[in-house]
1. Contact list please: Cβ distance under 9 Å, first residue in the stretch 60-72 and assigned to a helix (DSSP H, G or I), second residue at pLDDT below 95, pairs at least six apart or on different chains.
2. Output the residues belonging to the stretch 74-101 that are over 16 Å from T170 (Cβ atoms), touching a helix residue (DSSP H, G or I) at 6+ places or on another chain (Cβ under 7 Å) and not charged (D, E, K, R).
3. Does T170 satisfy the condition of being among the β-branched types (V, I, T), surrounded by fewer than 19 Cβ atoms within 10 Å (Cβ to Cβ) and either at negative phi or modelled with pLDDT of 85 or more (or both)?
4. Name every residue in the stretch 219-241 that is buried (at least 20 other Cβ atoms within 10 Å of the Cβ) and either in a loop (DSSP other than H, G, I, E, B) or touching a strand residue (DSSP E or B) at 6+ places or on another chain (Cβ under 8 Å) (or both), in order of residue number.
5. Just checking, which of A125, A85, A109 is at pLDDT 95 or above, surrounded by fewer than 14 Cβ atoms within 10 Å (Cβ to Cβ) and on the phi < 0 side of the Ramachandran plot?
6. If T51 satisfies all but one of (1) modelled with pLDDT of 50 or more; (2) more than 30 Å from P267 (Cα to Cα), what's the number of the condition it fails?
7. On the given criteria, is A148 modelled with pLDDT of 85 or more, within 25 Å of E100 (Cα to Cα) and either of a type in the set (K, R) or within 27 Å of the chain's Cα centre (by Cα) (or both)?
8. Among the residues of the stretch 65-74, is any more than 27 Å from the chain's Cα centre (by Cα) and modelled with pLDDT of 90 or more?
Amino acid sequence: MQGRLRGLAIVTPVGWAPTGPICQTADMHTIGTRSIGDESDPARSAASFGTWSALNGRLAVALALALVGCGLFFVDVPVAAWCRAHRLPGELRRLVDLSETFAHGLAVAVLLGVTASLDPVLRRARSWPAARFDLVRLVAAAYAGGLAVDLVKAVVTRVRPRAVDLAAVTTAFDTFGAAAAMTTLGGGPLGKSADLMSFPSGHAAVAAGLATALAWKYPHGTLTFAVLAVAAAIQRVVSSAHYPSDVAFGAAVGVAVAALCLGSSRPAA
C-alpha cells in the first residue's frame with residue numbers, strides 16, 4: 001500500500017520527476033496537449049500576419065502609384081499633345097472607349113449588382129450576416145476613392161488637356177492654378193467648369209478602387225481586374241480628359257482608400 005501511495009504521490013506534485021508508469025502516461029498526455037495548443041497559436045498568428053500583410057501590400061501599391069505619378073509630370077504635356085493630334089485605329093479605339101465601363105459610376109453599380117447576384121456566398125441566406133459586410137466593403141472600396149478625389153478637385157485647379165492651349169505651356173506645372181485657366185484654347189478663362197478639374201482622375205480612382213475590392217474578394221482574378229483598371233486609365237488619357245499623372249494619382253487614391261475600407265479583414269467563405 002505504501003508503495004502504491006508513493007507512486008501516486010509522485011504524479012500530483014508539480015516539479016517532481018516522473019518515475020512510475022502512471023507518471024509517464026500523465027507526462028505524455030501533458031506534452032501532447034501542449035503540442036496541440038502550441039501548433040494552433042502559430043496558425044492563428046500566421047493568418048493574422050497574412051491579413052495585415054495584404055493591407056500593407058495595398059498601401060505599398062498606392063505609394064508606388066503616387067511615385068509613378070510624380071515621374072509622369074515630366075511627360076504630361078508631350079503625351080497630351082500626341083493624344084490630341086492622333087487617333088487610335090477604329091476597333092482599338094472602340095475597345096479603349098468601352099473600358100471606361102470599369103470606371104463609370106453607374107456601370108460600376110451594375111457590375112457590383114451582377115457580382116452580388118452571381119456569387120454563391122453573397123446569395124446564400126445562411127451566410128448573409130457575414131456576406132452583408134462583404135458587400136458593404138465592396139461598395140465602399142469602389143466609390144470612396146472617387147469621393148476623396150472630388151474633395152481634392154475642389155481645391156486643386158488644373159486645366160484638362162482637351163481645353164488647355166498646349167502651345168502656351170512648357171511644363172506640366174503650367175497647367176495648374178488660376179493662371180492656367182487663362183491658357184485655354186478659346187483664349188479666355190473657363191471659370192468654374194469641369195475643364196478645370198483634371199487633377200486627379202476620378203475615373204481612375206473608381207477603377208482602381210473597384211479592382212482592389214474585387215481582387216480582395218476574388219484573388220484568382222487579380223490580374224484581370226488590374227488590366228481592366230489600367231485600360232480605363234488609358235482611356236482617360238487617350239480621350240484628352242486627363243494627363244498621365246492625373247490617372248496615376250487618382251489610382252493611388254483609389255487603392256489607398258480601398259485598402260482602408262477593406263482593412264485587414266477576410267471575405268466570407
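1. Partner pairs satisfying both residue conditions: L72/A172.
2. C83, L88, V96, S99, T101
3. Spelling it out, T170 is indeed among the β-branched types (V, I, T), surrounded by fewer than 19 Cβ atoms within 10 Å (Cβ to Cβ) and either at negative phi or modelled with pLDDT of 85 or more (or both).
4. Within the stretch 219-241, A241 is the sole residue that qualifies.
5. A109
6. (2)
7. Yes; evaluated as a whole, the condition is true for this residue.
8. No, that holds for no residue.
The values are calculated or read from the model by the stated rules, or taken from the named source; none is laboratory data. All values derive from a computational prediction rather than experimental measurement. All Cβ positions, glycine included, derive from the backbone under ideal geometry; neighbour counts span all protein chains shown.
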